[in-house]
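Presented below is the structure to which this report refers.
The values are calculated or read from the model by the stated rules, or taken from the named source; none is laboratory data. Keep in mind that this is a model prediction, so the values were computed, not measured. Cβ sites come from the backbone with ideal geometry, for glycine too, and all protein chains shown count toward neighbours.
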Amino acid sequence: MSMQKLKFSIEIQAPKEKVWHTLWEDTTFRDWANIIDAGTYMVGEMKEGAEVQFISGSSGYGVTSLIEKLVPNEFVLLSHRADTKESGKEEREREWTGGQESYSLTERDGATLLTVELDTPPEQVETFEERLPKALARVKELAEN
């Protein structure tokens with residue numbers, strides 16, 4: 001099953017530190033990630049070499065990811081290690097396993113270009129093409145306010 005790489009970018013009128021904080025701080029993460037999947041939250045710490053879990057509040061389904069590389073306020077690369085259910089307690093059929101997801105932030109003149117690239121299972125492509133740009137628009141709104 002081959003995944004499709006999707007790429008989305010948005011320009012945000014805020015410094016990269018503010019955008020990074022908006023992406024990964026619990027309250028704001030829940031806010032924008034909710035647009036992709038209702039009630040999504042993250043368990044674990046954003047640091048290189050650590051494992052984090054992204055879990056959907058609605059289904060309890062999620063993914064366990066390794067933080068492969070992390071440059072604070074600039075870049076993070078996640079490698080999806082396992083698909084989970086029961087709020088991260090059990091593994092389920094592999095949908096995202098083996099895929100990667102990255103967030104890059106480049107600041108110029110006080111504005112930040114946020115680029116997200118992710119390997120997406122074929123049956124999820126349409127959903128992500130519709131929802132991820134909306135989620136990024138929400139990140140922009142939160143970071144600019």
TODO: Determine which single condition residue 2 fails, assuming it passes every other condition in (1) out of contact with any Gly (no Cβ under 6 Å at 6 or more places or on another chain); (2) among the small types (Gly, Ala, Ser); (3) at pLDDT 95 or above.
DONE: (3)
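Residue by residue, here is whether (1) in a loop (DSSP other than H, G, I, E, B); (2) free of Cβ contacts under 8 Å to residues at least 60 places away in the same chain; (3) surrounded by 18 or more Cβ atoms within 10 Å (Cβ to Cβ) holds:
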site: 8; (1), (2), (3): no, no, no
site: 19; (1), (2), (3): no, no, yes
site: 29; (1), (2), (3): no, yes, yes
site: 39; (1), (2), (3): yes, yes, no
- [ ] Assess whether residue 35 counts as being modelled with pLDDT of 95 or more, β-branched (Val, Ile, Thr), under 21 Å from residue 6 (Cβ atoms) and in a loop (DSSP other than H, G, I, E, B).
- [x] yes
Task: Residue that is surrounded by 14 or more Cβ atoms within 10 Å (Cβ to Cβ) and either under 23 Å from residue 48 (Cβ atoms) or free of Cβ contacts under 8 Å to residues at least 12 places away in the same chain (or both), where the choices are 95, 117, 141 - done: 117
Open item on the list: Regarding segment 42-60, can at least one residue be identified that is of a type outside the set (Asp, Glu), farther than 24 Å from residue 105 by Cβ, exposed (fewer than 15 other Cβ atoms within 10 Å of the Cβ) and free of Cβ contacts under 8 Å to residues at least 40 places away in the same chain?
Closed with: yes
Open item on the list: For segment 66-92, which positions are touching a residue at least 24 places away in the same chain (Cβ under 8 Å) and either among the acidic types (Asp, Glu) or within 22 Å of residue 16 (Cβ to Cβ) (or both)?
Closed with: 68, 70, 72, 73, 74, 75, 76, 77, 78, 86
Task: Subset of segment 98-114 (residues that are among the small types (Gly, Ala, Ser) and buried (at least 18 other Cβ atoms within 10 Å of the Cβ)) - done: 99
TODO: Give me a count of the residues in segment 79-92 that are of a type in the set (Asp, Glu) and either surrounded by 18 or more Cβ atoms within 10 Å (Cβ to Cβ) or closer than 18 Å to residue 33 by Cβ (or both).
DONE: 1
